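For reference, the structure is listed below as structure tokens.
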Amino acid sequence: MVEKVDNTKELKLEYPCNWKYKMIINKDESAKKIAKEVVGERVHDVKKSQNSSNGKYTSHSLEVLVHSTDDRQSLYEALKKHDKIKFVL
């Protein structure tokens, strides 16, 4: 499947595929708990990436199998709406 990312790039994905999201959260929050709240029982993997320069935030990679463009985008929107997540990439 080919999707327009912006006016100059196209994203070519074959579904299902693994997709990684980057979550930025307060250092005191549990990334695994947050991911579980969003993806539920779906198989996923959470790995810590980095700490912010001031140590207040941590970033984590969340990898999960997505089945379609809608599935991938709905997970992104759910992550963005989660009250414990400061930013999602």
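The values are calculated or read from the model by the stated rules, or taken from the named source; none is laboratory data. Keep in mind it's a predicted model, so treat the numbers as computed, not measured. Reconstructed Cβ throughout: ideal geometry from the backbone, glycine too, with neighbour counts over all protein chains shown.
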Report summary line: Flagged in the stretch 35-89 as assigned to a loop (DSSP other than H, G, I, E, B) and either farther than 25 Å from Leu11 by Cβ or of a type in the set (Phe, Trp, Tyr) (or both), in numbering order, are Gly40, Glu41, Ser52, Ser53, Asn54, Gly55, Lys56, Asp83, Lys84
Query raised in the report: For Tyr76, which of the numbered conditions (1) out of contact with any Ser or Thr (no Cβ under 6 Å at 6 or more places or on another chain); (2) exposed (fewer than 13 other Cβ atoms within 10 Å of the Cβ); (3) not polar (S, T, N, Q) fails to hold?
Result: (2)
Query raised in the report: Do the conditions hold for Tyr21, that is, is it part of a loop (DSSP other than H, G, I, E, B), touching a helix residue (DSSP H, G or I) at 6+ places or on another chain (Cβ under 8 Å) and in contact (Cβ under 8 Å) with a residue 40 or more places away in the chain?
Result: no
Requested in this report: Output the residue which, of all residues in the stretch 20-78 that are within 15 Å of Leu89 (Cα to Cα) and acidic (Asp, Glu), is farthest from the chain's Cα centre (by Cα).
Outcome: Glu77
Query - Extreme residue, surrounded by the most Cβ atoms within 10 Å (Cβ to Cβ), among residues of the stretch 5-18 that are modelled with pLDDT of 95 or more and either hydroxyl-bearing (Ser, Thr, Tyr) or not in a loop (DSSP other than H, G, I, E, B) (or both) - result: Tyr15
